[in-house]
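S.K.: Here you go, one structure.
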Amino acid sequence: MFLSTFEGANAPFNWDTDIKAVLAASGLPVYFVPMFNQWQAPAPNTYPFVDGLFRWTNPIKYGAHPNHLWYQNKMFLSTFEGANAPFNWDTDIKAVLAASGLPVYFVPMFNQWQAPAPNTYPFVDGLFRWTNPSLGFANDIQVDADYAALRAATGKTWMAGVAPWFFTHYNSKNWGNPEDDQIFFDKWERLLELKPDFIELVTWNDHGESSYLGPVEGVIEDQTWARLPHDALLDLSSYYHTAFKTGSKPAITEEKAYYFYRTHSLNAKATNDPLGLPEEMKMQKDHIFVITMLASAATVVIKSGSKTYDPISVPTGVHKIGVPFQQGTQTVTVRRGNTQVMSGTCATPISDNIQLYNGNIVADMMTAKGGQVVVPDTTASPTTSTAPDTTAPTRPSTTSKTPITSDSCPNQDRYERKDCRKGDKQSCEAANCCWSPLEEGSGEPWCYLKPAVVTPRCPYQDRYERKNCYKGDKQSCEAANCCWSPLEEGSGHPWCYIKP
């Protein structure tokens, strides 16, 4: 199942492209769910994401398409945020679609921080709970447990979320994953116990937040941190997919081992990185982690750089271990007695000689088939790029093109284009934005948001961590000893920044 997001930054051609993807999937066991992103709200009284939904759900062409996910004879619809949308979900969306012959099964994500009180949203069929590593693992899974209790109290559907990793390194959002190794393996294990009705893999194919499951294709040039392979985590996911769908963990018929690590230590000093190390990364461990999937008990030997650790006993089933890493090459070997079951050396070493900070992970795996050692070919290389661009583009560029310098916006590399997309120059400039081609020959000029002059603004706001301290109003924000400030002029989304 894939969710296709509609947000204020999207233009009609974005939605049309997604619609074509759905149509192209005819006959495949793949389902799509339209999903509102109300995080970046458009100007009042203009709702292009609503228009996008109705394009998607045209009752004649698309709404009843076999690749739309339908549940309990209703079309499944979700959101990212939107609890305070400037329209009425029940009358403006659900009722209109129902009148067109498309009854909606509505499972929005209205609160990722805590479970709402029962009957807060009487018009929903269920609630989606995003994954939120910024809470820390203990608090994060407690919120999941609260959603499970809410389901029991209301009888409504609960959809949970799980992500493989998070790290992004833009001036507008520079944050990492404080849950470290627990974000994926431990979260899956806990959700299998809580048994949600649905689980969504929170994984974006634009790679910018490092939540991709692989393979990495079409990464934008300035997203240097997103070039590390995560394919092994995709393979691991298949085990948990089966466990969730069947209600029990499958028998292990093919033994495997997965391992992952960051490519530099927390003590590394980047030589050309103005953004600095994200605060959340300081909650991580400088460890290499190994997840074994074994039909019988064995031992694991980890060689990290020049240090070889004593063998670690691991039981039957799926199990995770970790040891402090050293700079250099990483090798993992699984043995039973004197017999080597499998062994692998990742092509990406650990090195503290870096220009940029990278909180992403490299993930690798190996399998044992009939006693043969099978080690995947990993072609990732260490990141040695120049200083990052401070914009956060939303679509991958698969070809290298020369940027246009004439008629471009001043300081264009500091502009945020996705928040301000307009279809023509007149509409762009009417929104107080700067019209400029993105790249030579692309045929797709862009409308760049002008740098904001925000008053009042938190001192050193670019060093604040907004997502750890979000509050819905100024009073709640300041009561939490945080700094209340709009994110950008005219955005309609004030933020609560955690003080350094």
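S.K.: Which of CYS346, CYS482 comes first, and how do the rest follow, when ranked by fewest Cβ neighbours within 10 Å?
M.R.: Details: CYS346 26, CYS482 23.
The order, fewest Cβ neighbours first, is CYS482, CYS346.
S.K.: From the phi angles alone, apply the Karplus equation (6.51, -1.76, 1.60; θ = phi - 60°) to the range 339-351 and give each ³J(HN,Hα) in whole Hz, x where the residue is Gly or Pro.
M.R.: Taking θ as phi minus 60°, the curve returns 9, 7, 7, 6, 8, x, 10, 6, 6, 9, x, 9, 8 Hz for the range 339-351.
S.K.: For a Förster distance of 41 Å, can you work out the FRET efficiency between the beta-carbons of VAL96 and ASN171, rounded to the nearest 0.05?
M.R.: Values: r = 40 Å, r/R0 = 0.97.
FRET efficiency, VAL96 to ASN171: 0.55.
S.K.: One-quarter of the Cα convex hull surface for the range 110-199, in nm²?
M.R.: Numbers: hull surface 24.3 nm².
Projected area, direction-averaged: 6.1 nm².
S.K.: Taking amide H positions as placed in the peptide plane 1.01 Å from N, state which residues far from CYS433 in sequence (5 or more) or on other chains have amide H under 5 Å from it.
M.R.: none
S.K.: Here is a follow-up. For each of GLU279, GLU81, count neighbouring Cβ atoms within 10 Å of the residue's Cβ, then give the residues from fewest to most. Intermediate values should be presented prior to the final figure.
M.R.: Details: GLU279 17, GLU81 20.
Going from least to most buried by this count: GLU279, GLU81.
S.K.: Using the Kirkwood radius over Cα pairs, work out the Stokes-Einstein diffusion coefficient for the range 255-374 at 25 °C and 0.890 mPa s, in µm²/s as a whole number. Show your work: numbers first, answer last.
M.R.: On the way: Rh = 15.1 Å.
Rounded to a whole number, D works out at 162 µm²/s.
S.K.: Would you please give the residues with an amide H less than 5 Å from that of ALA297, counting only those at least 5 places away or on a separate chain, with H modeled from the backbone geometry?
M.R.: Here THR316 satisfy the definition.
S.K.: Let me ask you something else. Can you list residues whose amide H is under 5 Å from GLU200's amide H, if they're 5+ apart or on another chain and H is modeled 1.01 Å from N?
M.R.: Correct list: ALA160, GLY161, VAL162.
S.K.: Next question, about the same structure. What net charge do the residues around GLU179 carry, taking every other residue with its C-beta under 10 Å from that of GLU179, with Lys and Arg at +1 and Asp and Glu at -1?
M.R.: Values: positive: LYS187; negative: ASP140, ASP180, ASP181, ASP186, GLU280.
Here the charged neighbours net out to -4.
S.K.: Just the number, please: Stokes-Einstein D of the range 95-146 in µm²/s, Kirkwood Rh from C-alpha pairs, 4 °C, 1.567 mPa s. All intermediate terms of the calculation are to be shown ahead of the outcome.
M.R.: Values: Rh = 12.6 Å.
Translational diffusion coefficient: 103 µm²/s.
S.K.: Determine the relative contact order of the range 255-374: mean sequence separation of Cα pairs under 8 Å and six or more apart, normalised by residue count, in whole percent.
M.R.: Numbers: 272 pairs, mean separation 42.6, N = 120.
Here the relative contact order equals 36 percent.
S.K.: When a footprinting reagent is the concern and you count Cβ atoms within 10 Å, what order do TYR212, TYR170, TYR258 take, fewest first? Write down the numbers at each step before the final one.
M.R.: On the way: TYR212 26, TYR170 19, TYR258 23.
Lowest to highest Cβ neighbour count: TYR170, TYR258, TYR212.
S.K.: Let me ask another. Given LYS249/LYS285; LYS20/LYS74; LYS187/LYS285; LYS195/LYS320, which pairs have Cα atoms separated by over 24 Å? Could you put the intermediate results ahead of the total?
M.R.: Numbers: LYS249/LYS285 29 Å; LYS20/LYS74 22 Å; LYS187/LYS285 18 Å; LYS195/LYS320 21 Å.
The answer is LYS249/LYS285.
S.K.: Nearest 0.05, what FRET efficiency do THR345 and ASN139 give at R0 = 45 Å with Cβ-Cβ as r? If you can, show how the numbers build up before the last one.
M.R.: Details: r = 37 Å, r/R0 = 0.82.
Given R0 = 45 Å and the Cβ-Cβ separation, E is 0.75.
S.K.: Can I ask one more? Tell me the net charge near VAL318. Cut-off is 13 Å between Cβ atoms, VAL318 excluded, with +1 for each Lys or Arg and -1 for each Asp or Glu.
M.R.: Values: positive: LYS249, LYS256, LYS320; negative: ASP186, GLU189, ASP235, GLU254, GLU255.
With Lys, Arg at +1 and Asp, Glu at -1, the neighbours total -2.
S.K.: Continuing with the same structure: Using θ = phi - 60° and the Karplus curve 6.51 cos²θ - 1.76 cosθ + 1.60, what whole-Hz ³J(HN,Hα) does each residue of the range 74-80 get, with Gly and Pro shown as x?
M.R.: 9, 6, 6, 9, 9, 9, 10
Values in this text are rule-based calculations from the coordinates and carry no lab data. Here the structure is a predicted model, which is why all the values come from computation and not from measurement. Glycine gets a Cβ as well: all are built from the backbone with ideal geometry, and neighbour counts include every protein chain shown.
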